[in-house]
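What follows is a set of notes on a single structure, which appears directly below.
The values are calculated or read from the model by the stated rules, or taken from the named source; none is laboratory data. Source: prediction; values computed, not measured. Here Cβ is always computed from backbone atoms with ideal geometry, including for glycine, and neighbour counts include all displayed protein chains. Note: areas computed on protein heavy atoms with side chains; ligands, DNA, RNA excluded. Shrake-Rupley method; radii C 1.70, N 1.55, O 1.52, S 1.80 Å.
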Amino acid sequence: MEKKPFVHPYMPNSAPEIKEEMLKEIGVSSIEEIYRSQIPEDLLYKERLHLPEPIQSEYELKKHVMGILNQNKTSEEYSSFLGAGCYRHQVPAVCDEINSRGEFLTGYCGDTYSDHGKMQAFFEYASMTAELLDMDEVSYTSYDGGQAVLSSLRTALRYKEAAGTPKDSVLVPSTMNPEIYSMAQSYIRNVAKVIKVKADPKSGRMDLADLEQKLCTENAAAVFYENPSYLGFFETQAREIADLAHAHDALCVAMPDAASLGIIESPANMGADICCGDIQPLGMHMQFGGGQAGFMACQQDIEMLKQFPTYMYGICRTEKDGTYGWGRAQNYRCSHGSREKAREYFGTETGLWGITAGVYLASMGPRGMYELGENILRITKYAEQKLSGIPGIRVNLLGGQNFQEFLINFDDCGKTVSEINAELLQKKIFGGKDISAEFPEYGQSALYCFSELTTEEEIINLRDALAEAAAKEVR
């Protein structure tokens with residue numbers, strides 16, 4: 001029996017007669033003929049790919065996908081103490097309601113000549129974020145917080161070069177997010193070195209003596225720090241770091257946690273020239289690696305803004321009195337404005353999250369952001385107190401006040417983090433992120449996260465589960 005030609009329901013022009021018409025138009029007899037004209041014979045794969053048969057029914061496709069997704073264990077079912085860059089926060093229902101609207105969800109970037117509704121939404125997001133940061137200018141969203149850090153460091157390098165004082169390195173803390181550090185090495189290596197500054201072994205904070213020594217010996221364009229840090233502690237030397245950077249003709253680039261800015265001083269008021277980070281805490285669910293977007297911000301410095309790679313949205317008067325319009329400023333800087341001559345390439349896929357963050361900030365207001373930060377501080381301190389005293393466990397290894405996260409060390413109980421986490425998983429608890437490979441100097445330690453959604457019951461259950469796991473003999 002002759003096999004019926006497959007017409008894919010989700011692929012246009014897959015009907016046989018349409019395919020035949022298209023092939024005839026370009027003068028070939030088959031798709032294989034196109035491949036053979038472009039791919040050398042010795043590289044051409046001639047067997048059938050081991051792929052499952054296509055699912056043609058929408059119902060069957062949904063059932064298949066849901067069957068895969070249902071194998072996941074989520075933080076809705078389990079208690080989660082994972083953070084390290086992606087956090088579980090309360091998302092107001094209005095955020096999901098607005099970002100699901102068709103005019104925002106589809107074609108979400110908007111175009112300069114028509115989409116003034118989206119332009120205004122981006123402008124409002126940038127305005128509220130600027131207020132949160134105490135800075136004048138906030139860019140369009142980048143891929144994520146990591147990308148925002150990389151672009152900020154490249155911006156600092158370009159800024160120094162444009163000023164006639166080119167530099168060939170950037171300085172970063174040894175405790176910074178290891179994923180972003182790895183990305184920075186790849187992203188910057190063709191123009192500059194990424195050099196780590198030592199950390200104080202007791203507190204984890206940046207060693208100012210080592211910073212000054214490296215500023216004297218390395219031709220640094222920028223000094224970067226996180227506050228709060230990747231390991232949860234506050235970098236209490238922010239002003240000193242900025243002053244040292246400026247004294248040696250370097251910029252200061254800071255990465256705050258957006259959820260903390262309602263209660264801590266903005267890095268801008270501690271001397272930072274560029275602020276960058278992730279807006280995921282501002283109204284975005286954890287989404288298996290999605291739902292993140294980065295921001296970049298600076299003061300009203302035209303020369304600095306010229307080096308930003310992303311869209312900037314502005315407001316202007318129109319011919320009609322009292323009516324305003326919105327649009328992109330200095331579009332030539334961007335890859336959509338001048339292609340390969342642009343500062344950097346960036347995509348448009350995170351615009352929806354910028355709109356979402358704008359809705360979140362509008363709904364929370366200054367008081368809401370203060371209460372968010374206050375609650376996280378209170379819950380984190382409560383967790384530290386309740387978990388302290390468990391035999392074989394050291395809680396808050398680096399001491400001091402923490403925001404949202406702190407280290408728990410298991411060296412004294414003779415177990416690895418992976419062993420502890422395996423036992424917690426049996427009790428429907430996601431334990432902290434294992435940092436023993438990334439930061440071996442802290443031994444068998446895990447980074448535990450607590451947000452405003454962490455309940456007293458979850459903390460007590462974690463305490464009891466950790467006590468039981470630490471007391472068990474190693475098999």
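Tell me, please, whether a residue that is touching a His at 6+ places or on another chain (Cβ under 8 Å), closer than 24 Å to Met364 by Cβ, touching a residue at least 40 places away in the same chain (Cβ under 8 Å) and outside any strand (DSSP E or B) can be found in segment 262-280.
Let us first name the residues in segment 262-280 that are touching a His at 6+ places or on another chain (Cβ under 8 Å), namely 271.
Adding the requirement that they be closer than 24 Å to Met364 by Cβ leaves none.
Within segment 262-280, none of the residues are touching a His at 6+ places or on another chain (Cβ under 8 Å), closer than 24 Å to Met364 by Cβ, touching a residue at least 40 places away in the same chain (Cβ under 8 Å) and outside any strand (DSSP E or B).
What number of residues in segment 282-301 are open to solvent by less than 10 Å² (accessible area, probe 1.4 Å) and assigned to a loop (DSSP other than H, G, I, E, B)? Reasoning before the result, please.
First, pick out the residues of segment 282-301 that are open to solvent by less than 10 Å² (accessible area, probe 1.4 Å): 282-284, 291, 293-298.
Keeping just the survivors that are assigned to a loop (DSSP other than H, G, I, E, B) gives 282-284, 291, 293.
Of the residues in segment 282-301, 5 are open to solvent by less than 10 Å² (accessible area, probe 1.4 Å) and assigned to a loop (DSSP other than H, G, I, E, B).
Which residue, of Gln120, Gln90, Gln147, is touching a residue at least 24 places away in the same chain (Cβ under 8 Å) and part of a loop (DSSP other than H, G, I, E, B)?
On the way: Gln120 fails: part of a loop (DSSP other than H, G, I, E, B); Gln147 fails: part of a loop (DSSP other than H, G, I, E, B).
Of the residues listed, the single one that is touching a residue at least 24 places away in the same chain (Cβ under 8 Å) and part of a loop (DSSP other than H, G, I, E, B) is Gln90.
In segment 426-475, which residues are without any contact (Cβ under 8 Å) to a residue 12 or more places away in the chain and in a helix (DSSP H, G or I)? Break it down into steps so the answer makes sense when it comes.
Keep residues of segment 426-475 that are without any contact (Cβ under 8 Å) to a residue 12 or more places away in the chain, which gives 426, 437, 440, 455, 457, 464, 473, 475.
The answer is Pro440, Glu457, Asp464.
Scan Lys196, Lys214 and give me the residue that is part of a strand (DSSP E or B), among the charged types (D, E, K, R), within 20 Å of Ala156 (Cβ to Cβ) and open to solvent by 10 Å² or more (accessible area, probe 1.4 Å).
Working: Lys214 fails: part of a strand (DSSP E or B).
Unique residue meeting the criteria: Lys196.
For Ala272, are the conditions met, namely being within 18 Å of the chain's Cα centre (by Cα), open to solvent by less than 50 Å² (accessible area, probe 1.4 Å), among the small types (Gly, Ala, Ser) and more than 30 Å from Asn72 (Cα to Cα)?
On the way: within 18 Å of the chain's Cα centre (by Cα): no; open to solvent by less than 50 Å² (accessible area, probe 1.4 Å): yes; among the small types (Gly, Ala, Ser): yes; more than 30 Å from Asn72 (Cα to Cα): yes.
No: the conditions fail for Ala272.
Show the residue pairs meeting these rules: Cβ distance below 7 Å; 6+ apart or different chains; first residue within segment 16-44 and farther than 21 Å from Pro5 by Cβ; second residue of a type in the set (Phe, Trp, Tyr) and surrounded by 11 or more Cβ atoms within 10 Å (Cβ to Cβ).
Between residues of segment 16-44 that are farther than 21 Å from Pro5 by Cβ and residues that are of a type in the set (Phe, Trp, Tyr) and surrounded by 11 or more Cβ atoms within 10 Å (Cβ to Cβ), the close pairs are Leu44/Tyr35.
Residues Lys214, Lys160: which one is free of Cβ contacts under 8 Å to residues at least 60 places away in the same chain and of a type outside the set (A, V, I, L, M)?
Values: Lys160 fails: free of Cβ contacts under 8 Å to residues at least 60 places away in the same chain.
Sole residue among the options that is free of Cβ contacts under 8 Å to residues at least 60 places away in the same chain and of a type outside the set (A, V, I, L, M): Lys214.
Look at segment 23-45 and say how many of its residues are among the acidic types (Asp, Glu) and closer than 22 Å to Asn13 by Cα.
Step one: list which residues in segment 23-45 are among the acidic types (Asp, Glu), which gives 25, 32-33, 41-42.
If we keep only those that are closer than 22 Å to Asn13 by Cα as well, we get 25, 32-33.
Residues in segment 23-45 being among the acidic types (Asp, Glu) and closer than 22 Å to Asn13 by Cα: 3 in total.
Suppose we keep only residues that are at pLDDT 80 or above and assigned to a helix (DSSP H, G or I) within segment 98-117. Which one would you say is least open to solvent (accessible area, probe 1.4 Å)?
Initially, segment 98-117 is screened for residues at pLDDT 80 or above, giving 98-105, 117.
From what is left, the residues that are assigned to a helix (DSSP H, G or I) are 98-99, 102-105, 117.
Numbers: Ile98: 46, Asn99: 16, Gly102: 41, Glu103: 90, Phe104: 35, Leu105: 85, Gly117: 49 Å².
For segment 98-117, the residue satisfying everything is Asn99.
Tell me which of these Gly431 doesn't satisfy, since it passes every other one: (1) under 18 Å from Lys73 (Cα atoms); (2) touching a Ser or Thr at 6+ places or on another chain (Cβ under 6 Å); (3) buried (at least 23 other Cβ atoms within 10 Å of the Cβ).
Result: Gly431 fails condition (2) only.
For segment 398-413, what are the residues that are surrounded by fewer than 20 Cβ atoms within 10 Å (Cβ to Cβ) and not polar (S, T, N, Q)?
The first filter runs over segment 398-413 and keeps only residues surrounded by fewer than 20 Cβ atoms within 10 Å (Cβ to Cβ), leaving 399-401, 411-412.
Matches in segment 398-413: Gly399, Gly400, Asp411, Asp412.
For segment 54-81: of the residues being part of a loop (DSSP other than H, G, I, E, B) and loosely packed, with under 11 Cβ neighbours inside 10 Å, which is modelled with the lowest pLDDT?
Taking segment 54-81 and keeping what is part of a loop (DSSP other than H, G, I, E, B), we get 54-57, 70-78, 81.
Subset that is loosely packed, with under 11 Cβ neighbours inside 10 Å: 57, 70-72, 76-77.
Working: Ser57: 85, Asn70: 90, Gln71: 91, Asn72: 89, Glu76: 89, Glu77: 92.
Going through the qualifying residues, I end up with Ser57.
Within segment 333-384, can you find the residues that are modelled with pLDDT of 85 or more, assigned to a loop (DSSP other than H, G, I, E, B) and open to solvent by 40 Å² or more (accessible area, probe 1.4 Å)?
Arg343 - this is the single residue of segment 333-384 that is modelled with pLDDT of 85 or more, assigned to a loop (DSSP other than H, G, I, E, B) and open to solvent by 40 Å² or more (accessible area, probe 1.4 Å).
Would you check if there is a residue in segment 296-311 being aromatic (Phe, Trp, Tyr), farther than 23 Å from Asp278 by Cβ and either in contact with a strand residue (DSSP E or B) (Cβ under 6 Å, 6 or more places away or on another chain) or free of Cβ contacts under 8 Å to residues at least 40 places away in the same chain (or both)?
no
Sort through Ile429, Ile435 and tell me the only one that's more than 16 Å from Leu387 (Cα to Cα) and among the β-branched types (Val, Ile, Thr).
Numbers: Ile429 fails: more than 16 Å from Leu387 (Cα to Cα).
Exactly one residue qualifies, and that residue is Ile435.
Given the condition over 23 Å from Ser445 (Cα atoms) and among the aromatic types (Phe, Trp, Tyr), answer yes or no: does some residue in segment 231-244 qualify?
No, because not a single residue in segment 231-244 is over 23 Å from Ser445 (Cα atoms) and among the aromatic types (Phe, Trp, Tyr).
So, in segment 271-293, of the ones that are at pLDDT 95 or above and touching a Cys at 6+ places or on another chain (Cβ under 7 Å), which residue ends up farthest from Ile98 (Cα to Cα)?
Gly271
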